[in-house]
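Data block below; observations after.
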Amino acid sequence: MSFLNNLITGISLGSVYAIIALGYTMVYGIAKMLNFAHGDIIMVGAYVIFFATGSFGLNPIVGILLAVVVCTVLGVVIEGLAYKPLRQASSLAVLITAIGVSYFLQNAALLLWGADPKVFTSVIPEGSLPIEGVNITYVSLVTVLVCIIIMLALTWFTSKTKLGKAMRACSENKDAARLMGINVNRTISMTFAIGSALAAIASALLFSSYKNLIPTSGSLPGIKAFTAAVFGGIGSIPGAMLGGILLGIIETFAKVINTNISDAVVFAVLIIVLLVKPAGLLGKTIREKV
Amino acid sequence: MAMLNVENINVYYGAIHAVKDVSFTVEEGEIITLIGANGAGKSTILKTISGLLHSHTGSITFQGENIGGIPAHKLIPKGLAQVPEGRAVFLQMSVEENLQMGGYTRPAAEIPGSLERVYAQFPRLKERRRQVAGTLSGGEQQMLAMGRALMSKPKLLMLDEPSMGLAPILVDQIFDIIKELHRAGTTILLVEQNAQMALSVADRGYVLETGRVVTTGTGAALLQDESVKKAYLGG
């Protein structure tokens, strides 16, 4: 039964990675940049929920909504201030800026909220489903359900709505999208908004399971979710989901064998995938135009 | 007053001075062609008119309004559409989604009617409406790119090398469609390397060399012009 329990834990952790990976992959798909500050947005979301529910005693749902609003605004502001001026710059300049934004957010959090770990209170009731022999916590259950809902909603959004289609058009060919009358800058902002809102939701789920919250808490899950996005094929929404869930399962089983090596295993997976299939599991090999 | 008046524009690609003091006009109802060799600056001129690039000097007037410096996405609703070089259809989107993107700035209620008109013009696209654009042939992609531009109901349609990479029979088809669109009242600015074809349909033409206009005249006159013949018509 412990195999099944570990699998459930892995799928649940992987669902969180998947939701975070969606933010990486959507932003990469449209802006062709890696937003390394994405993990730190999760950390900010977690602090917002922590203070909203802890210090102000608000309902967890209100806390999550507040985090969604704060993270969305933060994501759009970061994009406008730090990344938009670099639209024509080399990708290295953008990458370094993203790392800079990441450090900025971590240190701002350190200044505002201190280095002492905060103990996050789960936004989902503790306990497990009353099933004999298997341990499915409510947190795991809700996490997986939320992940499925987000996946379905995003699939509907990108295939059926005007803005979703405009995003796909922008990610394929920005100049052609401009010639359709699409405001590419605004579409990129919207993508950051969606990715950051998802990060806020991910923060509620992640810290409901892993409760220690410090200013660098978002960094490692962020990098792992990035690994998941690359694993699944960066730029691909189903790829982010698949990569996230597989990575969660791999990490959980690696922990069973040896807690110390689980992170090493996760990154080894990234290296192997990049060697064998550089475009990722569901990634498309991009033909360079000549 | 001319529909489009380009006056004395200069455009740089980084350090390259791609367009030098170019001026020309397009009257309502005309087909105007810009011909010239690869690198003469033809595509750069179209991109500058459509707002993807900007000129450092001069002015571009469309229907009496100075449109220099206005970004591309704001020009589409004014009636300016461009079929980009190399077609640039959205390869991972379906034919119909591509066409819907063409009507992006128009009210949703008008889209079905426009789709039907484009499908009537290009029955092939209707047959393949659910197909992903990346699976279309070159000729079909060109039709899709033209249909997509028509979805915005342009007053001025700019075409960048529509014959590029197409078999001769398809080139004929594409030019038949251009003539048809013109008869239906669309003003056309056509950039071509296939000077023979372009001049035979055009009311007037401008010949470009390394970023400058070197000769201008009616399509028929340019077809007979000795220097044009020598440089572009293989004789």
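Worth a mention:
- Residue within the stretch A:82-90 that is assigned to a helix (DSSP H, G or I), under 18 Å from the mean Cα position of the chain (by Cα) and buried (at least 17 other Cβ atoms within 10 Å of the Cβ) present: no
- Given (1) over 26 Å from B:LYS20 (Cα atoms); (2) of a type in the set (A, V, I, L, M); (3) at pLDDT 95 or above, index of the condition B:ALA202 fails: (1)
- Lone unmet requirement of (1) out of contact with any strand residue (DSSP E or B) (no Cβ under 8 Å at 6 or more places or on another chain); (2) within 14 Å of chain A (Cβ to nearest Cβ); (3) modelled with pLDDT under 95 for B:TYR12: (1)
- Unmet requirement for B:VAL89, which otherwise passes all of (1) away from chain A (no Cβ under 14 Å); (2) within 29 Å of B:LEU166 (Cα to Cα); (3) in a loop (DSSP other than H, G, I, E, B): (1)
- Count of the stretch A:109-147 residues which are small (Gly, Ala, Ser) and without any contact (Cβ under 8 Å) to a residue 60 or more places away in the chain: 3
- Matching residues, the stretch A:256-290, being polar (S, T, N, Q) and either under 10 Å from A:PHE231 (Cα atoms) or at pLDDT below 85 (or both): A:THR285
- Test: residue in the stretch B:54-64 that is within 14 Å of chain A (Cβ to nearest Cβ) and either assigned to a loop (DSSP other than H, G, I, E, B) or over 17 Å from the mean Cα position of the chain (by Cα) (or both): yes
- Matching option when the condition is in contact with a Leu (Cβ under 6 Å, 6 or more places away or on another chain) and closer than 30 Å to A:LYS174 by Cα, among A:GLY80, A:GLY23, A:GLY75, A:GLY39: A:GLY23
- Counting only helices (runs of 4 or more DSSP H) that sit completely within the stretch B:126-210, those holding 3 or more residues that are surrounded by fewer than 21 Cβ atoms within 10 Å (Cβ to Cβ) correspond to B:168-183, B:195-201.
- Answer residue from the stretch A:169-219, given it is within 13 Å of another protein chain (Cβ to nearest Cβ), touching a residue at least 60 places away in the same chain (Cβ under 8 Å) and surrounded by 24 or more Cβ atoms within 10 Å (Cβ to Cβ) and is farthest from A:GLY235 (Cα to Cα) among those: A:ILE188
- Inside the stretch B:92-125, residues that are within 9 Å of another protein chain (Cβ to nearest Cβ) and farther than 18 Å from B:LEU159 by Cα make up a count of 8.
- Hits in the stretch B:62-95 (condition: surrounded by fewer than 20 Cβ atoms within 10 Å (Cβ to Cβ) and under 19 Å from B:VAL132 (Cα atoms)): B:GLY86, B:LEU91, B:GLN92, B:SER94
- Residue within the stretch A:143-164 that is within 14 Å of chain B (Cβ to nearest Cβ) and among the small types (Gly, Ala, Ser) present: yes
- All of A:LEU110, A:LEU86 fail the test of being more than 29 Å from A:VAL139 (Cβ to Cβ) and not small (Gly, Ala, Ser), apart from A:LEU86.
The values are calculated or read from the model by the stated rules, or taken from the named source; none is laboratory data. Here the structure is a predicted model, which is why all the values come from computation and not from measurement. Backbone-built Cβ (ideal geometry, glycine too); neighbour counts: all protein chains shown.
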